[in-house]
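Just so it is clear, none of the values below were taken in a lab; they were calculated from the coordinates. Because the structure is a prediction, the values reported are computed rather than measured. Every residue, glycine among them, receives a Cβ derived from its backbone with ideal geometry; neighbour counts consider all protein chains shown.
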2 protein chains.
Amino acid sequence: MLSSWNDGPTKSAIVDFVGRVTAESGPDFVSPEERVAVFDNDGTLWCEKPMYIQLDFLLRRFKEQAEADPTLRDKQPYKAATDADYAWLGDAVTKHYQGDDTDFNILAGAILKAHNAITVEEHAGRINAFFADARHPTLDRPYTSCGYAPMVELIRYLEGHGFTCYIVSGGGRDFMRPITGPLYGIPPERVVGSAVGLVYKDANVYTTDELEFFDDGPVKPVRLWNRIGRRPILAAGNSNGDIEMLEFTDASSHPSLQLLVLHDDADREFDYTAGAEKSLDEAAKAGWTVVSMKNDWASVFSD
Amino acid sequence: MLSSWNDGPTKSAIVDFVGRVTAESGPDFVSPEERVAVFDNDGTLWCEKPMYIQLDFLLRRFKEQAEADPTLRDKQPYKAATDADYAWLGDAVTKHYQGDDTDFNILAGAILKAHNAITVEEHAGRINAFFADARHPTLDRPYTSCGYAPMVELIRYLEGHGFTCYIVSGGGRDFMRPITGPLYGIPPERVVGSAVGLVYKDANVYTTDELEFFDDGPVKPVRLWNRIGRRPILAAGNSNGDIEMLEFTDASSHPSLQLLVLHDDADREFDYTAGAEKSLDEAAKAGWTVVSMKNDWASVFSD
């Protein structure tokens, strides 16, 4: 098992932890129903560069909306999406962090309107259609092959030891659900994420254009409690938005393991720490296990 | 199997449905991961008369709060709780339905404040302490023995046929979670219900005194989609608050079964239709299966 992980301290930390909590006669035994593991998605289970896969999905939708309604063609973010003007999109985010939310709010409003007032089943159909042929812009592979093989193998390894694995992501819950089964073997009922409000009408559940919650940072432990009702004993993340989930897991009354995936592999994936600086500091302070993609993973993708 | 169910059309409807959806070569086959069954709790899985069990829990808490803080002693609903003045409580609800929410709002405010600003684990501890010795006021049994044996047997029967069973209740999600395992074999992650907002602080998740959602009526299909991400093929309820959940299930693209528990057994439990009138009308119109406690159940409780 864990053949896509190189031998070394990281793999040992995982194997030792799982050995301890599953040793029935040992002092650290945790009953199977309490063996809950939570995984961030973007950057932890699959690629998040050069842009979130969900953002690619949304940009294609903006373009489609502009084609259907020419009055949108010269408005942002439809114009940027149609012209593939990623600078406008990048600037909107940069300006947001500089305190100017003008463009960011325009983008957020369009995101919430992109799939408004359709049934949840129709929404799932659009996502399946996207993943049927969308490819990663630089890695020369379909998005459905952008999951990290060592993490998928870890999920199987944990399940083989009685764990139940959940995704707890800032990404859209109902965006992820149709694809987490094929990619990671995680069913829709174990996907926790951001969501728009839903509304019931005439025997169907419809999307709205209101944000219900953004599942990031301190919201992650709250949403996972809402969904699971147990404190996890293993958490894996890769960015500042995962700190509270890792912290919450670390404070378990049981032994626990915290994994932080470090993107340090420019050859096989990407090399960046932007957005993860604080989580790396916390990992060093708290003794969390940093997973080096470059050193700890024998392979990154399954093919 | 189903030995606590009398032979007759209701039991046949259940057995026939399960036979159809599990027959691999048949036209109605549903894959195991799609076999989702949802159960209301109060009045469907356990007693809700003479008052909701959760209300008893809250009244004891009000009394405790009034003992700790004498300034509450003469205020409602603490006064009613201390004096066991159930008329005030009943009137508050009656007046609510007559359009006067004065007392109802006082009661609701106290309910939200009853367990405010404690960790979710401490909250679970209070619930376990309540169920350790609280008894039903008229049925001469502990609350932990107030689950309906035929429904628990049904849950096991469904699980034995590859179904996954969830509770989807108007009751408090985190009130039910500690007890649904021992009572029904349903773990916390499969309990959907009403909830106060939660907030993260210092590695813990705390209760707040804000209602996050009241999981009743049209909210039930929304909350169950949030939690499960699949449309159920079996739903069981007993009141007007279950209509939309039954309707949502009935509109599945798969074969589906709707059960409506009718309380018509004054000898063994209670006899009432108040609050269920509309659901009974809908059941007649839509062809849902009405479960007569008196005629369909060989036993009501397991002892």
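Worth a mention:
- Spatial separation of Cα centroids for segment A:174-190 and segment B:163-188, in angstrom: 23
- Axis of helix B:9-22 versus longest Cα principal axis of chain B: the two differ by about 70°, to the nearest ten degrees.
- Farthest toward the positive end of the dipole of the protein assembly as shown, out of B:Asn226, A:Ser299, A:Ala129, is the Cα of A:Ser299, where the dipole comes from beta carbon charges about the Cα centre.
- In the assembly of identical copies, A:Ser253 has its label point, taken 7 Å from Cα in the direction of the beta carbon, separated from the corresponding points by 4.5 nm (ascending, one decimal).
- Nearest residue to the symmetry axis between A and B, taken on chain A by its Cβ, in whole Å: A:Arg227, 3
- Rounded to the nearest 10 degrees, the angle from helix A:149-160 to the longest Cα principal axis of chain A is 50 degrees.
- Given +1 at the Cβ of Lys and Arg, -1 at the Cβ of Asp and Glu and no other charges, the dipole of segment A:38-82 around its Cα centre is 200 debye to the nearest 20.
- Relative contact order computed over chain A (Cα-Cα under 8 Å; 6+ residues apart), in percent: 24
- Sorting A:Arg126, B:Arg268, A:Arg177 by the number of Cβ atoms found within 10 Å of their own Cβ, with the fewest placed first, yields B:Arg268, A:Arg126, A:Arg177.
- For A:Asp91, inter-copy separations between label points set 7 Å beyond Cα along the Cβ vector come to 6.7 nm, shortest first.
- Each of B:Gly275, B:Leu257, B:Ile243 was scored by the projection of its Cα onto the charge dipole of segment B:228-296, and the greatest displacement toward the positive side belongs to B:Leu257; charges sit on the C-beta of Lys, Arg, Asp and Glu.
- Segment A:99-195, relative contact order [Cα under 8 Å, separation at least 6], %: 23
- Protection proxy ranking, peptides B:21-31, B:4-14, average beta carbon neighbours within 10 Å, highest first: B:4-14, B:21-31
- Position B:Pro32: other-copy label points at 1.3 nm, ordered by increasing distance, label point 7 Å along Cα→C-beta.
- Rounded, prolate or oblate (a/c below 1.5 giving rounded, otherwise prolate when a/b exceeds b/c) for the protein assembly as shown by Cα gyration tensor: prolate
- Local net charge near A:Trp88, Cβ-Cβ under 10 Å (Lys/Arg +1, Asp/Glu -1): -3
- 0 to 90° range, to nearest 10: angle between helix A:219-228 axis and chain A longest Cα axis: 70
- Share antiparallel - DSSP beta bridges, the protein assembly as shown, percent rounded to 5: 40
- Only the Cβ atoms of Lys and Arg (+1) and of Asp and Glu (-1) were treated as charged; on that basis the dipole of the protein assembly as shown about its Cα centre amounts to roughly 360 debye.
- Legend: mean number of C-beta atoms from other chains within 10 angstrom of residue C-beta atoms, peptide A:199-210, equals 4.
- Antiparallel content of DSSP bridges confined to segment A:108-255, in %, to 5: 75
- Cα gyration tensor shape for segment B:120-164, rounded if a/c is under 1.5, else prolate or oblate: oblate
- Note on chain A: lysine pairs with Cα distance below 18 Å, sequence gap of 8 or more or different chains, count 8.
- Whole-Å distance, taken between Cα centres, linking segment B:73-146 and segment A:82-122: 46
- Cα shape, segment A:97-136, gyration tensor, a/c 1.5 rule: oblate
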